[in-house]
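Written below as structure tokens is the structure these notes are about.
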Amino acid sequence: MAEVAESDSTQSAKTKKQAVKIREMTIDDLGDVFHLGEHLFEARKAPNTYRAWDEYEVADLFYSDTEYCLVAEHEGEIVGFALGTTINKNRSAWKYGYLLWLGVLPEYQRSGIAERLFYRFKSIMLHDGVRILVVDTEADNRPAIKFFQRQGFANPQEHVYLTMNLDQERQRMKKRDQGN
Ligand SMILES: CC(C)(COP(=O)(O)OP(=O)(O)OC[C@H]1O[C@@H](n2cnc3c(N)ncnc32)[C@H](O)[C@@H]1OP(=O)(O)O)[C@@H](O)C(=O)NCCC(=O)NCCS
């Protein structure tokens, strides 16, 4: 019985994988990508460090880095996405590629969709002269870490992320400026 269930799920994962199309994101996908990310990242609060998932993040990336925004589509539904950017450092010949957001609808996970998104993302980056790819995620996001290691990312480094609330200082500054 267990064997039948396993082969059924393997079969359905394979079928999904074959039918899913990886393509460039278009303006019509903005809303769907945002809602899928909201669903995925809400559960984890903040899957990567200093960036927040909101509609501006998706729209900004889409408009500034359209070529690095990919989606996975199955029967008209957006089931995954990969959004990134590139960074050129001053006085450095190295161009960095940064995969900022990667997500797959839970029912479609473990069927190779993120792998296909990443493969396409990487080939676009290679084509554009990127020499180092960077990703970041929370230290306890085991699926993501396993996934990135499987793709060949190495040398994971933990770093501490601190925040400072400038609100009171800002209010004081505002009052001071109004007094002048
Ligand atoms: C991380 C994530 C994108 C992986 O997507 P996916 O489509 O399920 O990944 P794939 O099916 O392509 O996995 C490829 C390989 O990665 C590894 N992997 C992926 N998910 C894993 C998990 N939950 N546990 C262990 N290994 C995992 C496996 O080696 C897997 O190969 P296998 O299924 O043959 O064992 C998905 O879990 C997700 O959307 N997570 C929530 C959002 C998030 O945290 N994104 C990352 C930070 S922005």
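The values are calculated or read from the model by the stated rules, or taken from the named source; none is laboratory data. Quantities reported herein were computed from a predicted structural model and do not represent experimental measurements. Every residue, glycine as well, gets a Cβ built from its backbone with ideal geometry; the counts of neighbours run over all protein chains shown.
Suppose the filter is over 13 Å from the mean Cα position of the chain (by Cα), surrounded by 17 or more Cβ atoms within 10 Å (Cβ to Cβ) and on the phi < 0 side of the Ramachandran plot; does residue 136 pass it? So that I can check it myself, show each step before the final result.
Details: over 13 Å from the mean Cα position of the chain (by Cα): no; surrounded by 17 or more Cβ atoms within 10 Å (Cβ to Cβ): yes; on the phi < 0 side of the Ramachandran plot: yes.
When the stated conditions are applied, residue 136 does not pass them.
Could you pull out the residue among 28, 8 that is more than 14 Å from the ligand (Cβ to nearest atom), at pLDDT 95 or above, over 18 Å from residue 147 (Cα atoms) and in a helix (DSSP H, G or I)? Write out each step before concluding.
Working: 8 fails: at pLDDT 95 or above.
Answer to the selection: 28.
Hey, residue 81 hits all of (1) surrounded by 13 or more Cβ atoms within 10 Å (Cβ to Cβ); (2) within 14 Å of the ligand (Cβ to nearest atom); (3) closer than 20 Å to residue 156 by Cα but one; which does it fall short on?
Only one criterion is unmet by residue 81, namely (3).
So, of the residues in the range 84-103 that are at pLDDT below 95 and among the polar types (S, T, N, Q), which turns out to be nearest to the ligand (Cβ to nearest atom)?
Filtering the range 84-103 for residues that are at pLDDT below 95 and among the polar types (S, T, N, Q), the one nearest to the ligand (Cβ to nearest atom) comes out as 88.
Give the residues of the range 124-133 that are out of contact with any Ser or Thr (no Cβ under 7 Å at 6 or more places or on another chain) and farther than 16 Å from residue 100 by Cα, sorted by residue number.
Kept after step one, since they are out of contact with any Ser or Thr (no Cβ under 7 Å at 6 or more places or on another chain), are these residues of the range 124-133: 124-127, 129, 131-133.
Selection gives 126, 127, 129, 131.
Could you give every pair whose Cβ atoms fall below 7 Å, whose first residue belongs to the range 134-148 and is closer than 15 Å to residue 104 by Cβ, and whose second residue is near the ligand (Cβ under 6 Å from one of its atoms) and part of a helix (DSSP H, G or I), counting only separations of at least 6 or pairs across chains?
Filtered contacts from the range 134-148: 137/144; 147/114.
Out of everything in the range 104-162 that is among the hydroxyl-bearing types (Ser, Thr, Tyr) and more than 7 Å from the ligand (Cβ to nearest atom), what residue ends up being farthest from residue 21 (Cα to Cα)? Walk me through it before giving the result.
Taking the range 104-162 as the starting set, the residues that turn out to be among the hydroxyl-bearing types (Ser, Thr, Tyr) are 108, 111, 119, 123, 137, 161.
Okay, now just the ones that are also more than 7 Å from the ligand (Cβ to nearest atom), so 119, 123, 161.
Details: 119: 13, 123: 16, 161: 36 Å.
Result: 161.
Please state which of the following conditions residue 55 fails to meet, knowing it meets all the rest: (1) of a type outside the set (Gly, Ala, Ser); (2) at pLDDT below 85; (3) away from the ligand (no atom under 16 Å from the Cβ).
Failed condition: (2).
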